[in-house]
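A short worksheet on the structure shown next.
The values are calculated or read from the model by the stated rules, or taken from the named source; none is laboratory data. From a predicted model like this one, the values you see are computed outputs, not experimental measurements. As a convention, Cβ positions derive from the backbone with ideal geometry for all residues, glycine included, and neighbour counts pool all protein chains shown.
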Amino acid sequence: MNILAARSEAFHLFNNLLTDLRGKRALLYLLVLAFAVSIAAGFLLYMLDPNIPSLIDGIWSAWVTMTHVGFGDVVPTSFLGRLLSATLILFGLAVFSLFTALLSVTLIGKNMDTWGSDVQLIEQQTSRIETEESQILRELARLHERMSALEMQLSSLANNERQ
């Protein structure tokens, strides 16, 4: 496979994933929650910590802490600022875990839909085969009865000829 075909396939898969994720309301709620917490925590950091000079720096510090990037350009120095940052670290872990779970559910759910349609197709084919098998067994039973009747006729003819 050449590199252009691989790139095209990767772009197609990524585009399908984004389309599937757009339908997930939980992802939107999770992102809104993450932004709201970073703004609120940034405001609190600005209010509580003397080392945070502006509201924008507080929001930046909260977001960087929550996403575990930790640039270190804006660092809280007060006890309450550090306590809030530690809480943001734990919150960031929870958000990242939920995001990963949503991504996994989206990918697995897509495969489950495909699997479900395959199972339905197999069930339909199995039902058709069982119906045909029942018809064959009925025909075999009918042929068995007919053969038994013919054998009886042959044996009675043979008995009549002997007498």
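Does L88 qualify as being under 26 Å from W60 (Cα atoms) and either in contact with a Ser or Thr (Cβ under 7 Å, 6 or more places away or on another chain) or among the basic types (K, R) (or both)?
yes
Pull out all pairs, ordered by first then second residue, where Cβ-Cβ is under 7 Å, the residues are six or more apart or on different chains, the first lies in the range 3-21 and is touching a residue at least 24 places away in the same chain (Cβ under 8 Å), and the second is part of a helix (DSSP H, G or I) and basic (K, R).
D20/K110
Every residue in the range 68-93 that is within 30 Å of F14 (Cβ to Cβ) and surrounded by 12 or more Cβ atoms within 10 Å (Cβ to Cβ), please.
Across the range 68-93, the qualifying residues are G70, L88, I89, F91, G92, L93.
When you go through V105, V64, V75 one by one, which is the residue that is out of contact with any helix residue (DSSP H, G or I) (no Cβ under 6 Å at 6 or more places or on another chain) and not in a helix (DSSP H, G or I)?
Every option except V75 fails the conditions.
Residue-by-condition table, conditions (1) exposed (fewer than 11 other Cβ atoms within 10 Å of the Cβ); (2) more than 27 Å from the chain's Cα centre (by Cα); (3) not in a helix (DSSP H, G or I):
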{"site": "A5", "(1), (2), (3)": "yes, no, no"}
{"site": "Y29", "(1), (2), (3)": "no, no, no"}
{"site": "V32", "(1), (2), (3)": "yes, no, no"}
{"site": "F43", "(1), (2), (3)": "no, yes, no"}
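Applying the selection to the range 29-45, what residues are closer than 15 Å to D57 by Cα and of a type in the set (G, A, S)?
Within the range 29-45, S38, A40, A41, G42 meet the criteria.
Working only within the range 7-26, note down all residues that are modelled with pLDDT of 85 or more and surrounded by 15 or more Cβ atoms within 10 Å (Cβ to Cβ).
Within the range 7-26, no residue meets the criteria.
Do we have I59 as outside any helix (DSSP H, G or I), surrounded by 11 or more Cβ atoms within 10 Å (Cβ to Cβ), in contact (Cβ under 8 Å) with a residue 12 or more places away in the chain and in contact with a Phe, Trp or Tyr (Cβ under 9 Å, 6 or more places away or on another chain) here?
Details: outside any helix (DSSP H, G or I): no; surrounded by 11 or more Cβ atoms within 10 Å (Cβ to Cβ): yes; in contact (Cβ under 8 Å) with a residue 12 or more places away in the chain: yes; in contact with a Phe, Trp or Tyr (Cβ under 9 Å, 6 or more places away or on another chain): yes.
It is false that I59 is outside any helix (DSSP H, G or I), surrounded by 11 or more Cβ atoms within 10 Å (Cβ to Cβ), in contact (Cβ under 8 Å) with a residue 12 or more places away in the chain and in contact with a Phe, Trp or Tyr (Cβ under 9 Å, 6 or more places away or on another chain).
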